[in-house]
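Single-structure report; data block below.
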Amino acid sequence: MHRHRVMISAAVVAASMGFIPVTAQAAGPSAEPGRTTTTTSSDPGSASAHGSAPEDAALQRAAEEAARGAAAQDTAAKGAWAAARAGAPKGAAGTGASARARQSEYFEVGMGTSTSYAHTIGLATSVSTDLADSFVQYDVDWGDGATELESGRASEFVYLKHRYAEVGTHKITITATDVYTKTTSVTTKDVVVDGAEFTPYAPTRLLDTRDGTGAAAARPVAPYATTRVKVAGTAGIPAGVTAVALNITATNTASAGHVIAYASGKERPTTSNVNFAAGQTVPNLAVVPVGEDGYVELANRSVGPVDLLADVTGYFTRSAASGYTSVKPSRLVDTREGRGAARGPVAPWNTFGVQIAGQGGLPAAGVTAVALNVTVTETKSAGHLTVFPSGGQAPSTSSVNFTAGQTVANAVIVPVGPDGRINVRNGATGSTDVIVDVTGYYSADGRAAYLPVEPRRMYDSRGSGLPLAAQDYHHETLWTRGMALEALVLNTTVTDPQGSGHLSVAPDPNTMDDYIAGKAVRPTPPDSSVLNWTKDATVANLVQASTGGTGVVDFWNRSGTPTDLIVDLFGMYDKN
């Protein structure tokens, strides 16, 4: 019997609140000359709301903060208006709507916003005014061609929500109009949605503690110490990068342990990215948030020193680039049977090309980068594979590291050459078979943007004392309010396996409602693999797991013996 666990994730909401400079104008037919008044209100600050608060609660807090900001900032302006009115000629008040407008000291519209998920903006607006019983029409221009009309009493907040098709900066303009006096006020604000898109980058080494590349000195990372990797501003990577795709390799390992990758300035999480034993060389791909100072931290969590390497293959920014589209995991290359490449092991120092565009559910054009799982087996010597875009020379980076007789897999995100192909080079003195599985791709019209989260453990079978049974599966879902998930960025780890095997990850055809109602049918496991293990080993690998049409992801133990499974969540792709 398979087991499952449902993880409920509250909205990850970053709220930025404040009042923006506004223009208040009494536009009635008998408005006094000079009645147009411009007031400048500085932004009272910004705040963040993370954790378990619902999105609407965060939005309401944004509005309330905006109202408080208005009250604090308008004191001087109201005083000036009062003084001006006191000096007006007697009898200037008049009657009717015009008099009502002239008697008003102020009419200001304020805006509070909260960004939630990759594409969505929450907005709260209200008007501060002395107009009695003011009823306001709000004309909202979202800055992407969409507009919206709402109305309400000036003293009450109006809440709106908008989902942008594209990430980046958008200028919101609100025009508020008192329906009786036609008094108007306009405010604008530039907002940046939280989602980020991918820019492929030719594989480049940012860190090598063996020779001092990107490090303070050529020396290993001490036990339980941390080294920093400069990302923003290095090798042409721009400032403002939010996350980076790094292939992290641990080598010259003196004892068993693991590496944790996380954003500089953040608390070290309890998750892991690379697991190793003494004497091993182990790589693993990580999609790591970048700190505000442009750095990533790599922590050595072992009792012995370890050398660390970090190779970049792309980065994420909050601007339009390449979005992600997941595909059903499928096999593109298997040299053991001649699929997608010549049949037979790849000879030492040899390179072969792989057609990416138009294969495995990918479009025939427009693919800028591809997410793969690359496996070596029947290795005759120690060495490494390098996966790189076609049309160039093989870089001095590695994608998969292996020893003689080892079967090992590693996730790879690699740019695709202009001809729609990539290259795979065997950098070993012995031959090896190569397997390549595709899980997704990046393109200019990709439908999902990346949203990193605070790394957290999603599942750990050791906590229940029940390992994942042979040929069985565990399913997970991530409940997120208001999100349209495309895929989850996970690190999967197998530990204490009782035999050899491999892990497969694929979307589940059943919904959670099917499981709850007892109507779920047993899925068919895919023919792809995520990681391979031998008895008693601890092996980890990143997977960008498609959530399919149901939001449920399956993790299959494709072996004849039980194993413990750990799943860590690092981010998600939110569709537009």
**Q.** Coil-residue GluC sites (Glu not before Pro) of region 128-194, DSSP, other Cβ within 10 Å capped at 16
**A.** Glu156, Glu166
Q) In Å², what does the accessible area per residue of region 471-545 work out to with a 1.4 Å probe? A) 37 Å²
Q) Based on the alpha-carbon gyration tensor of region 357-466 and its eigenvalue square roots a ≥ b ≥ c, which shape applies: rounded if a/c is under 1.5, prolate if not and a/b is larger than b/c, or oblate? A) oblate
Q) Which value, in debye to the nearest 20, gives the size of the charge dipole of region 187-246 about its Cα centre, when Lys and Arg are +1 and Asp and Glu are -1 at the Cβ? A) 280 debye
Q: Please work out whether region 93-230 counts as rounded, prolate or oblate from its C-alpha gyration tensor, where a ≥ b ≥ c are the square roots of the eigenvalues and a/c under 1.5 means rounded, while otherwise a/b larger than b/c means prolate and anything else oblate?
A: prolate
Q.
Need the C-alpha centroid separation for region 430-466 versus region 207-236, integer Å.
A. 25 Å
Q. Net charge near Ala357, counting Lys/Arg +1 and Asp/Glu -1 over other residues with Cβ under 11 Å of its Cβ?
A. 0
Q. List the chymotrypsin sites (Phe, Trp or Tyr not before Pro) in region 186-230 that DSSP assigns to loop (not H, G, I, E or B) and whose Cβ has at most 14 other Cβ atoms within 10 Å. Which are they?
A. Tyr224
Q. For the modelled label position 7 Å from the Cα of Phe352 along Cα-to-Cβ, which residues of region 306-336 have backbone nitrogen atoms closer than 12 Å?
A. 332-336
**Q.** Surface accessible to a 1.4 Å probe, per residue, for the residues of region 311-461, Å²
**A.** 35 Å²
**Q.** Formal net charge of residues neighbouring Gly240 (Cβ-Cβ distance under 15 Å; K, R +1; D, E -1)
**A.** -3
Q: Run a plain Debye calculation on region 255-353 (Cα atoms as equal point scatterers, no solvent) and give log10 I(q)/I(0) at q = 0.16, 0.20, 0.22 Å⁻¹, rounded to two decimals, same order as the q list.
A: -0.97, -1.07, -1.11
Q. What nm distance separates the two modelled labels at Lys535 and Ala382, each placed 7 Å from Cα along Cα→Cβ?
A. 2.5 nm
Q: Specify the inter-centroid distance of region 536-567 and region 270-298, based on alpha-carbon positions, in whole Å.
A: 19 Å
**Q.** Filtered GluC sites (Glu not before Pro), region 254-330: DSSP coil and at most 15 other beta carbons within 10 Å
**A.** Glu267, Glu292
Q. In debye, nearest 20: dipole of region 463-576 around its Cα centre with unit charges on the Cβ of K, R (+) and D, E (-)?
A. 100 debye
Q.
Assuming 0.36 nm per residue, please report the length gained on full extension of the stretch Asp139 to Arg421 beyond their Cα-Cα distance.
A. 96.6 nm
Q. What are the ³J(HN,Hα) values, in whole Hz, obtained from phi via the Karplus relation 6.51 cos²θ - 1.76 cosθ + 1.60 with θ = phi - 60°, for each residue of region 349-361 in sequence order, with x given for Gly and Pro?
A. 6, 8, 10, 10, x, 10, 6, 9, 4, x, 10, x, x
Q: Would you mind classifying region 513-576 by shape? Square roots of the alpha carbon gyration tensor eigenvalues, ordered a ≥ b ≥ c; an a/c under 1.5 is rounded, otherwise it is prolate if a/b is larger than b/c and oblate if not.
A: oblate
Q: Take the alpha carbon atoms of region 367-404, find their center, do the same for region 302-341, and report the distance between the two centers in whole angstrom.
A: 10 Å
Q. What spacing in nm lies between the two simple spin-label points modelled at Ala218 and Ser255, each 7 Å away from Cα in the Cβ direction?
A. 2.7 nm
Q.
From the phi angles alone, apply the Karplus equation (6.51, -1.76, 1.60; θ = phi - 60°) to region 212-223 and give each ³J(HN,Hα) in whole Hz, x where the residue is Gly or Pro.
A. x, 4, x, 10, 5, 7, 7, 7, x, 7, 5, x
Q: Name the long-range amide H neighbours of Thr242: under 5 Å, sequence gap of 5 or more, or other chain; modelled H, no Pro or chain starts.
A: Phe316, Thr317, Arg318
Q | Ala404-Ala239 FRET efficiency (beta carbon distance; Förster radius 41 Å; 0.05 resolution) | A | 0.40
Q. Local charge sum around Ser500 (other residues, Cβ-Cβ under 12 Å, Lys/Arg +1, Asp/Glu -1)?
A. +1
Q) For region 254-303, what is the Kirkwood estimate of the hydrodynamic radius, computed as the reciprocal of the mean inverse distance between distinct Cα atoms, to one decimal in Å? A) 11.5 Å
Q. Could you give the length gained on full extension between Arg336 and Gln498, defined as 0.36 nm per residue of separation minus the Cα-Cα distance, in nm?
A. 55.7 nm
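The values are calculated or read from the model by the stated rules, or taken from the named source; none is laboratory data. These figures come from a predicted structure and were not determined experimentally. Cβ: placed from backbone, ideal geometry, glycine included. Neighbour counts: every protein chain shown. Ligands, DNA and RNA are excluded from the accessible area calculation, which covers all protein heavy atoms including side chains. Shrake-Rupley method; radii C 1.70, N 1.55, O 1.52, S 1.80 Å.
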